[in-house]
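> Take a look at this one; I'll ask things after.
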């Protein structure tokens, strides 16, 4: 399986190249840097081998996207068409979700949440909490059967800091770091402590409540740019996985291929 998996988030576009099913490279690029995105996409696509059985010279691979930002999806789709001559496949549209979902409005759930949860469950194979610390923090629950149950969403570190700065005239905008103390001696330190411990406390409380519901303590997997701040701070975190969404995209595409092969064999 040769694949370029693209995770379009609210701030960054992460592009991962898979050759023969193995992750060869991955890079997170600011979404507004279209030149860098185009260059990395083109360079990655040129590493995909040509199909041996094709009469024409075509690459033996696909480009698959999970996106939470339609405008950027449109730009990258056009980029792939004009620069690579390739059609992009979209999770939730061209590629089915990789797991069952017990939610009221499955079509409104971000595909990034679902593919990340599927990737975590594929390894854990038991009840798991998957927390993605990005522009928004999503904390999602999967039961022991692999059913996506839903989750919680709250602002990420940067979004929280910016909202506080905009809403309160005298409060500065801060970049959240790991606090040296449990309280701040300056306004900046106090904001930093408040935002950091709010996120830590939220994850702890959500995990506790889910564990009470299912009767056992689930595994917890975290990912996202902000996850690095708390990965060593909360003792019950079992795994910190970088670029979990692109891994989930690859999983979704692989399962789609398997289903297509199985359907063909039954005919």
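The values are calculated or read from the model by the stated rules, or taken from the named source; none is laboratory data. Keep in mind it's a predicted model, so treat the numbers as computed, not measured. As a convention, Cβ positions derive from the backbone with ideal geometry for all residues, glycine included, and neighbour counts pool all protein chains shown.
> Picking from 184, 151, 194, 146, which residue would you name as being in contact with a strand residue (DSSP E or B) (Cβ under 6 Å, 6 or more places away or on another chain) and either part of a helix (DSSP H, G or I) or more than 24 Å from residue 72 (Cα to Cα) (or both)?
151
> Filter the range 78-105 down to the residues that are in a helix (DSSP H, G or I) and in contact (Cβ under 8 Å) with a residue 12 or more places away in the chain and list them by number.
Kept after step one, since they are in a helix (DSSP H, G or I), are these residues of the range 78-105: 78-84.
Listed by number, the residues that qualify are 79, 80, 83, 84.
> (1) part of a helix (DSSP H, G or I); (2) without any contact (Cβ under 8 Å) to a residue 12 or more places away in the chain: which one isn't true of residue 57, the others all being true?
So residue 57 meets the others, but not (1).
> Scanning for something surrounded by fewer than 19 Cβ atoms within 10 Å (Cβ to Cβ), under 27 Å from the mean Cα position of the chain (by Cα), assigned by TED's automatic domain parsing to the domain that holds residue 156 and under 30 Å from residue 24 (Cβ atoms), does the range 182-204 turn up at least one residue?
no
> Pull up the range 215-232, narrow it to residues that are over 26 Å from residue 26 (Cα atoms) and surrounded by 14 or more Cβ atoms within 10 Å (Cβ to Cβ), then point me to the one that is modelled with the lowest pLDDT. Talk me through it step by step, then tell me what you get.
Step one: filter the range 215-232 for residues over 26 Å from residue 26 (Cα atoms), giving 215-218.
From the residues that got through so far, the ones that are surrounded by 14 or more Cβ atoms within 10 Å (Cβ to Cβ) too are 217-218.
On the way: 217: 92, 218: 95.
Per the stated criteria, the residue is 217.
> Among the residues in the range 15-34, are any outside any helix (DSSP H, G or I), in contact with a helix residue (DSSP H, G or I) (Cβ under 9 Å, 6 or more places away or on another chain) and closer than 16 Å to residue 257 by Cβ?
Yes, some residue in the range 15-34 is outside any helix (DSSP H, G or I), in contact with a helix residue (DSSP H, G or I) (Cβ under 9 Å, 6 or more places away or on another chain) and closer than 16 Å to residue 257 by Cβ.
> Here's something else I'd like to know. Looking only at residues in the range 120-141 that are free of Cβ contacts under 8 Å to residues at least 60 places away in the same chain and part of a strand (DSSP E or B), which one is farthest from residue 216 (Cα to Cα)?
It comes out as 138.
> Continuing with this model, one more query. Could you list, in sequence order, the residues of the range 220-235 that are out of contact with any strand residue (DSSP E or B) (no Cβ under 6 Å at 6 or more places or on another chain) and not in a helix (DSSP H, G or I)?
As a first pass, look at the range 220-235 and keep what is out of contact with any strand residue (DSSP E or B) (no Cβ under 6 Å at 6 or more places or on another chain): 225, 228-230, 232-235.
Correct list: 225, 232, 233, 234, 235.
> Which ones in the range 80-113 are in contact with a strand residue (DSSP E or B) (Cβ under 6 Å, 6 or more places away or on another chain) and under 25 Å from residue 37 (Cβ atoms)? Write out each step before concluding.
Taking the range 80-113 first, the residues in contact with a strand residue (DSSP E or B) (Cβ under 6 Å, 6 or more places away or on another chain) are 80, 86, 88-91, 95, 99, 101-103, 111-113.
Passing the criteria: 80, 86, 88, 89, 90, 91, 95, 111, 112, 113.
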